[in-house]
Amino acid sequence: MKAKWDNKVLKWFFGVPGVIDERVKNEIGHYAIKTVIILLGFETLFFLGSFVYATEFIHDFENFFYITTIIQFFAVLWIVVLFAIRPLHRTGITDQEVTKQSKTKYVKTLRSRWLKMIPLTFASFWFLSSIFEFSSQSLISELFSSAELGESLLFTIFFNGAMYFWEKSHVRIIEDDSFK
């Protein structure tokens with residue numbers, strides 16, 4: 001049977017490795033609704049506060065826009081992580097279940113996947129960070145500066161390593177009932 005597109009989106013966004021059944025959908029729905037309500041409250045208060053602050057105290061709207069956008073991005077990211085992703089992790093929905101025999105194979109596959117993603121992660125961070133910092137010099141000279149390359153390489157190594165170990169920590173060993 002072919003998987004529905006909404007199940008694929010749920011598996012991708014929330015990182016659910018197993019089957020999407022009614023229990024999983026109910027858990028995801030519960031935490032997603034809670035997260036959306038919190039996001040709505042935050043966005044309303046943040047918009048009202050930044051509007052009042054901007055009309056009273058700000059004369060340089062470009063920098064104010066950049067700062068509020070960054071604050072909003074990280075706040076929304078943390079709200080989603082704290083109120084949707086972490087609670088789903090505590091319920092065990094996002095854990096990868098493997099048998100004792102298949103754990104080493106799964107960990108090797110996981111390591112291989114994150115090693116294959118190194119060039120993509122490096123190129124993405126390198127290009128995006130260069131675009132945001134090229135106001136002082138040309139884009140090409142910013143792209144190929146040693147500081148930018150080193151910063152991107154350091155981020156890539158740290159990020160891919162942290163993601164590998166994070167995913168590895170979510171592997172749960174279950175008993176294999178097929179031999180009993």
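The values are calculated or read from the model by the stated rules, or taken from the named source; none is laboratory data. Because the structure is a prediction, the values reported are computed rather than measured. Positions of Cβ are backbone-derived with ideal geometry, glycine not excepted, and every protein chain shown enters the neighbour counts. Ligands, DNA and RNA are excluded from the accessible area calculation, which covers all protein heavy atoms including side chains. Shrake-Rupley method; radii C 1.70, N 1.55, O 1.52, S 1.80 Å.
Annotations
- Selection count where residues are farther than 30 Å from residue 20 by Cα and either of a type in the set (A, V, I, L, M) or open to solvent by 80 Å² or more (accessible area, probe 1.4 Å) (or both), scope region 64-92: 5
- Annotation note: of 94, 109, the sole residue that is assigned to a loop (DSSP other than H, G, I, E, B) and either under 17 Å from the mean Cα position of the chain (by Cα) or at pLDDT 85 or above (or both) is 94.
- Screening region 1-47 for residues that are open to solvent by 100 Å² or more (accessible area, probe 1.4 Å) and outside any helix (DSSP H, G or I) and picking the one that is modelled with the lowest pLDDT gives 1.
- A count restricted to region 57-90 and to residues that are among the polar types (S, T, N, Q) and within 16 Å of the chain's Cα centre (by Cα) stands at 1.
- Boolean, residue 99 is in contact with a strand residue (DSSP E or B) (Cβ under 7 Å, 6 or more places away or on another chain) and not small (Gly, Ala, Ser): yes
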